[in-house]
Amino acid sequence: MKDVILIIGANGQLGSVLTKRLQEKYGVANVVASDITEAKTINGLFEVIDATDAGRIEYVVTKYKITQIYHLAAILSAKGEANPLKTWEINMKTLLNVLEVSRLNNIQKVFYPSSIAVFGGGAPRINTPNNACLDPSTVYGISKVDGENWAQYYFLKYGLDVRSIRYPGIIGYQSLPGGGTTDYAVDIFHKAVLNETFSCFLNDETTLPMMYMDDAIRATIELMDAPLEQIKIRTSYNIAGVSFSPKEIAAEILKRFPDFKIEYKPDFREDIAKNWPKTIDDSNASKDWGWKAKYNLSDITDTMLNALAAYYKPAI
Ligand code: AKB
């Protein structure tokens with residue numbers, strides 16, 4: 001049977017780039033992108049789906065004979081705190097709809113993104129292991145912990161092949177993040193290229209795990225391509241990229257843009273970040289399906305500044 005992919009949340013930071021990559025891999029005719037609003041940057045097949053509506057998901061699954069679903073839609077850590085109950089409702093309802101539609105329609109594989117937000121004060125912050133205590137401080141983190149357990153439940157009870165990664169902050173030039181605590185690490189590059197002072201909502205020394213977009217996309221595809229028997233963790237896999245603080249990323253930018261200016265105005269997002277890991281132990285992902293990140297902070301800085309300078313060139 002040929003693979004036909006549905007991406008839910010394709011307009012988002014990861015979704016928009018992942019959709020293009022999956023179109024390259026499976027062919028444009030075999031990838032259906034979807035989101036709650038019309039396509040932003042996606043060319044190819046697109047359907048508007050409000051994933052709180054299981055009937056609408058099922059309609060699209062049947063229409064295109066979908067075999068794999070990537071469920072990326074969620075309200076992230078910082079935005080979620082403005083309306084915890086709505087965040088819980090959306091994050092959980094959309095996931096349960098995807099799992100149930102997948103079970104009923106014999107979907108072969110489901111991808112569910114989790115996050116470093118599953119960790120809280122009870123986990124070691126250095127080299128946080130895969131099986132550390134999960135006591136998140138945000139509603140987004142709580143929804144991801146429960147989501148991971150639902151993913152495992154559907155695998156154990158129904159044999160649904162759900163696979164998951166705990167993403168760190170993702171840094172890419174192609175798309176903007178929205179509503180996350182790690183968003184500053186994308187925004188800072190835009191401000192540097194535009195010659196604007198960057199106002200940072202974290203303290204200068206708050207270190208968080210991050211990852212370059214290409215690594216995040218590659219991790220997703222490698223996990224989904226791995227033979228079934230190699231997937232030993234059915235909640236979610238830790239993956240590590242690079243860890244740095246705002247001070248360290250600013251220092252890298254200053255090496256290339258000596259006039260760059262940053263000021264620190266920590267807000268509620270600092271309280272979220274200080275409960276998250278600084279560095280991640282991803283030895284399970286390395287052992288089980290060969291995960292290894294490629295990009296370090298210097299590579300990320302070069303790539304981001306070059307790509308954004310080209311993007312903004314007419315405006316500068
Ligand atoms: C966020 O900051 O909320 C996300 C995440 C780490 O899951 N980028």
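The values are calculated or read from the model by the stated rules, or taken from the named source; none is laboratory data. Everything numeric here is computed off the predicted structure, so don't read it as measured data. Neighbour counts are summed over all protein chains in view; Cβ atoms, including those assigned to glycine, are modelled from backbone coordinates with ideal geometry.
For the reader, a short list of remarks on this structure follows.
- Within this structure, Ser115 passes the test of being under 20 Å from the mean Cα position of the chain (by Cα), crowded, with 19+ Cβ neighbours inside 10 Å and within 25 Å of Ser283 (Cα to Cα).
- Within region 201-215, if we keep just the residues that are part of a helix (DSSP H, G or I) and of a type in the set (D, E, K, R), the residue that is surrounded by the most Cβ atoms within 10 Å (Cβ to Cβ) turns out to be Asp215.
- The single residue among Arg125, Arg103 that is in the same structural domain as Leu228 (by TED's automatic domain parsing), in contact with a Leu (Cβ under 6 Å, 6 or more places away or on another chain) and not small (Gly, Ala, Ser) turns out to be Arg103.
- In summary, helices (runs of 4 or more DSSP H) completely within region 229-316 and bearing 3 or more residues that are closer than 29 Å to Lys109 by Cα and away from the ligand (no atom under 16 Å from the Cβ) occur at 283-289.
- Thr94, sole failed condition from (1) buried (at least 19 other Cβ atoms within 10 Å of the Cβ); (2) touching a helix residue (DSSP H, G or I) at 6+ places or on another chain (Cβ under 8 Å); (3) within 18 Å of Ile49 (Cα to Cα): (2)
- For region 30-44, residues that are hydrophobic (A, V, I, L, M, F, W, C), more than 24 Å from Gly147 (Cα to Cα) and in a loop (DSSP other than H, G, I, E, B) total 2.
- Some residue of region 223-239 being farther than 29 Å from Asn130 by Cβ and more than 22 Å from the chain's Cα centre (by Cα): no
- Only one of the numbered conditions (1) in a helix (DSSP H, G or I); (2) under 22 Å from Trp150 (Cα atoms); (3) among the charged types (D, E, K, R) is not met by Arg21, and that is (2).
- Total residues in region 185-200 satisfying the condition of being in contact with a helix residue (DSSP H, G or I) (Cβ under 7 Å, 6 or more places away or on another chain) and either crowded, with 20+ Cβ neighbours inside 10 Å or closer than 30 Å to Trp291 by Cβ (or both): the figure is 8.
- Inclusion of Ser115 among residues that are among the hydroxyl-bearing types (Ser, Thr, Tyr), without any contact (Cβ under 8 Å) to a residue 60 or more places away in the chain and under 18 Å from Gly15 (Cα atoms) is warranted.
- When residues in region 35-67 are screened for being without any contact (Cβ under 8 Å) to a residue 40 or more places away in the chain and surrounded by fewer than 17 Cβ atoms within 10 Å (Cβ to Cβ), 10 of them pass.
- Selection of first residues in region 266-278 that are closer than 19 Å to Ile239 by Cβ and of second residues that are more than 13 Å from the ligand (Cβ to nearest atom) and in a loop (DSSP other than H, G, I, E, B), restricted to Cβ pairs under 7 Å at least 6 apart or on distinct chains, gives the following pairs, ordered by first then second residue: Pro277/Ala123; Pro277/Arg125; Lys278/Arg125; Lys278/Ile126; Lys278/Thr207.
- Some residue of region 67-83 being of a type in the set (A, V, I, L, M, F, W, C) and over 29 Å from Lys20 (Cβ atoms): yes
- Search result, residues across region 150-188 that are more than 10 Å from the ligand (Cβ to nearest atom), assigned to a loop (DSSP other than H, G, I, E, B) and polar (S, T, N, Q): Gln174, Ser175
- Scan of region 216-255 for residues that are exposed (fewer than 14 other Cβ atoms within 10 Å of the Cβ) and not aliphatic (A, V, I, L, M), ordered by number: Asp225, Pro227, Glu229, Gln230, Lys232, Lys255
- The single condition among (1) under 16 Å from Tyr167 (Cα atoms); (2) surrounded by 17 or more Cβ atoms within 10 Å (Cβ to Cβ) that Asn127 does not meet is (2).
- Helices (runs of 4 or more DSSP H) completely within region 45-147 that count 3 or more residues being within 16 Å of the ligand (Cβ to nearest atom): 77-80, 84-104
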